[in-house]
Amino acid sequence: MAAQPQSSGDTLTPVLVVIPTYNERDNIEPIVKRLHAALPEVHVLVVDDGSPDGTGEIVDQMVAADERVKVMHRTEKAGLGAAYVAGFDWALERDYAVVVEMDADGSHAPEDLPRLLDALSDADLVLGSRWVPGGKVVNWPKRREFFSRGANLYSRMALGGQIKEFTAGFRAYRRAVLEKIKLHNVASQGYCFQIDLAWRTLEAGFTVVEVPITFTERERGESKMTGSVIREALLRVTKWGLRRRGQQLRGVFSRQG
């Protein structure tokens, strides 16, 4: 059973920002302060996977000082996907109308969040995208940009749809999306988790829009991107794409028959 989050107050707000952490002691407090400067009314749920650097203890202090901040302490590093699913479950057990994904490392500018929330007036899922007109990256090596663009092109070819950045990790969901897409069937982690949920949202018939953001490479701490995360994304997207093509072919043959 997942650990239960702690809170210094029971006041609910329509928007919850879920921020997974693992060894982000230098980043978590500044990013939450920036978030509340941009949107004072939002709540934040930090899902900490037992960070050995003391991130969880810092968040405990934040919880004690601010009723808008909550924390879920997990006992081990179980992956980005599992952390988000735990956070989504927590939100769905309460009255939050909108749930936001955001990184702790400063790569997602909290100042962009109001635009994502405004775009929800015409959408069910809003992606903060680097690869739509107006989006950009700062301090990213060319090889990272090449990989990200290539991964998203491959995802678009395999899965269909017009999403430019399936892998966007800064996003806002309407509650109805998370209630429908069967979160507990999600086995993907890391980079692939974002592709999985965006595709499930499209397959469920929801509207997805993208708004441009500026993505800034982290200044402190280490990136969580690893070779195993990349391999998982490639293998799973290929599997999903083949399954999709198979379904399309079966549909063609059944109509011809």
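The values are calculated or read from the model by the stated rules, or taken from the named source; none is laboratory data. Being a predicted model, the structure only gives us computed values, none of them experimental. Note that each Cβ is placed from the backbone with ideal geometry, even for glycine, and that neighbours are counted across all protein chains shown.
Restricting to the range 116-170, name every residue that is under 13 Å from I195 (Cα atoms) and among the aromatic types (F, W, Y). Across the range 116-170, the qualifying residues are Y154, F166, F170.
Cβ-Cβ contacts under 9 Å between residues 6 or more apart (or on different chains), taken from a first residue in the range 112-138 that is within 15 Å of R174 (Cβ to Cβ) to a second residue that is among the β-branched types (V, I, T) and part of a helix (DSSP H, G or I), are listed as D124/V177; D124/T201; L125/V177; L125/T201.
Would a scan of the range 201-213 turn up a residue that is modelled with pLDDT under 90, farther than 26 Å from P114 by Cβ and small (G, A, S)? Checking the range 201-213: not a single residue is modelled with pLDDT under 90, farther than 26 Å from P114 by Cβ and small (G, A, S).
To keep it simple, each residue is scored yes or no on (1) farther than 16 Å from E217 by Cβ; (2) over 13 Å from the mean Cα position of the chain (by Cα).
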| residue | (1), (2) |
| --- | --- |
| M157 | yes, yes |
| K164 | yes, yes |
| F170 | no, no |
| S188 | yes, no |
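In this entry, Q189 passes the filter for residues that are closer than 24 Å to R143 by Cα, surrounded by 19 or more Cβ atoms within 10 Å (Cβ to Cβ), of a type outside the set (F, W, Y) and modelled with pLDDT under 85.
Note on the range 72-182: enclosed helices (runs of 4 or more DSSP H) holding 1 or more residues that are at pLDDT below 95, surrounded by fewer than 16 Cβ atoms within 10 Å (Cβ to Cβ) and not hydrophobic (A, V, I, L, M, F, W, C) are 142-159. Pairs linking a residue in the range 152-165 that is touching a residue at least 60 places away in the same chain (Cβ under 8 Å) to a residue that is small (G, A, S) and not in a loop (DSSP other than H, G, I, E, B), with Cβ atoms under 7 Å and 6 or more positions apart or on different chains, are A158/G241; L159/G241.
Would you be able to say whether some residue in the range 45-65 is surrounded by fewer than 22 Cβ atoms within 10 Å (Cβ to Cβ) and farther than 21 Å from Y22 by Cβ? Looking for residues that are surrounded by fewer than 22 Cβ atoms within 10 Å (Cβ to Cβ) and farther than 21 Å from Y22 by Cβ, one finds at least one in the range 45-65, hence yes.
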